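Participant: My questions will all concern the structure given below.
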Amino acid sequence: MMAKTFALLTLSLALAACGNAPRYLIDPPAPQQRLTTQAQTVMLRDVSLPEYAAASEIAVQEEGGAVRNARRALWADLPERSLTLALARQLDAALSATVAAEPWPLAGLPDAEIEVRVQQSLAGADTIFRLEGQYYVRAEGLSVGPASAPFAIAVPMAGTEPQDIAAAQSSAIAQLATIIARGMGR
């Protein structure tokens, strides 16, 4: 009985500690350019993230290469949801098309779909945030750039504190939106 009470108390304290952890937003700066695309509507599928990047804890790579969670720091929203919505907002502002995340909220079907598969989204011990992967564009009968293209974005960070990581990831998402918009637009 005493062991069970101790286990429940330990669990309660652990959960309370998580509740007090600061939470960080992904908030990219507004795009600087607006491009025209043949598509009038574009759906962004949910961004696919590696497991460590999809967790609510902020991941950091150590000197030896191991990936660990930043101490007492969480993302303010689910990372896949947050990245998807931030990228959709960026693309909507950067392209002449109406861009929305799935599930498709508008009438009819979108003219084009974008899928982003992230292979790495990580703050390195070298104070560089890396966002790497591949994006895919599907559009029937429209010329909207390459069907697929890799991306490799490196953003210098002021340090490896959670606020530095959040700022760098926000910048990386803005850069990814620019890459995709330039591929789709003119």
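Rule-based calculations on the coordinates, nothing more; no lab input. Predicted model, so just to flag it, every value in this text is computed and none were measured. Here Cβ is always computed from backbone atoms with ideal geometry, including for glycine, and neighbour counts include all displayed protein chains.
Participant: If amide hydrogens are placed 1.01 Å from N in the peptide plane, which non-local residues have theirs closer than 5 Å to the one on S148?
Facilitator: Residues meeting the criterion, in which the H sits 1.01 Å from N, are V137.
Participant: Pick from D92, D46, D126: which is most flexible by mean-square fluctuation in a GNM of the chain where alpha carbon atoms under 10 Å apart are linked?
Facilitator: D126
Participant: Which value in deg cm²/dmol, rounded to the nearest 500, describes the helix-derived mean residue ellipticity at 222 nm for the chain, given -39,500 (n - 2.57) per DSSP H run of n ≥ 4 and division by the residue count?
Facilitator: Only helices count here, giving -11000 deg cm²/dmol.
Participant: Continuing with the same structure: Which longest run of the chain has no exposed loop site in it, a site being GluC sites (Glu not before Pro) in a DSSP loop with at most 11 other beta carbons within 10 Å, and the site itself not part of the run?
Facilitator: Answer from the scan: 64-139.
Participant: Once the Cβ-Cβ distance between N69 and D46 is put in as r, and R0 is 22 Å, what FRET efficiency do you end up with, to the nearest 0.05?
Facilitator: With a Förster radius of 22 Å, E is 0.45.
Participant: Right, next: Compute, for the stretch 2-184, the length of the dipole vector about the Cα centre, with Cβ point charges of +1 (Lys, Arg) and -1 (Asp, Glu) only. Units Debye, rounded to 20.
Facilitator: That gives a dipole near 240 debye.
Participant: Taking amide H positions as placed in the peptide plane 1.01 Å from N, state which residues far from L35 in sequence (5 or more) or on other chains have amide H under 5 Å from it.
Facilitator: Answer set, sorted by chain and number: L95, S96.
Participant: Tell me the label only: which of (1) 18.1, 58; (2) 16.5, 47; (3) 19.0, 69 is Rg and Dmax of the Cα atoms in Å as calculated from this structure?
Facilitator: Evaluating Rg and Dmax of the Cα atoms in Å on these atoms matches (3).
Participant: Could you run the Karplus curve 6.51 cos²θ - 1.76 cosθ + 1.60 with θ = phi - 60° over the stretch 107-112 and give me ³J(HN,Hα) per residue in whole Hz, x for Gly and Pro?
Facilitator: Listing the rounded values in order: 5, x, 9, x, 6, 9 Hz.
Participant: May I ask you to sort Y24, Y136, Y52 by Cβ crowding, counting other Cβ atoms within 10 Å and putting the fewest first?
Facilitator: Ranking Y24, Y136, Y52 by Cβ neighbours within 10 Å, fewest first, gives Y136, Y52, Y24.
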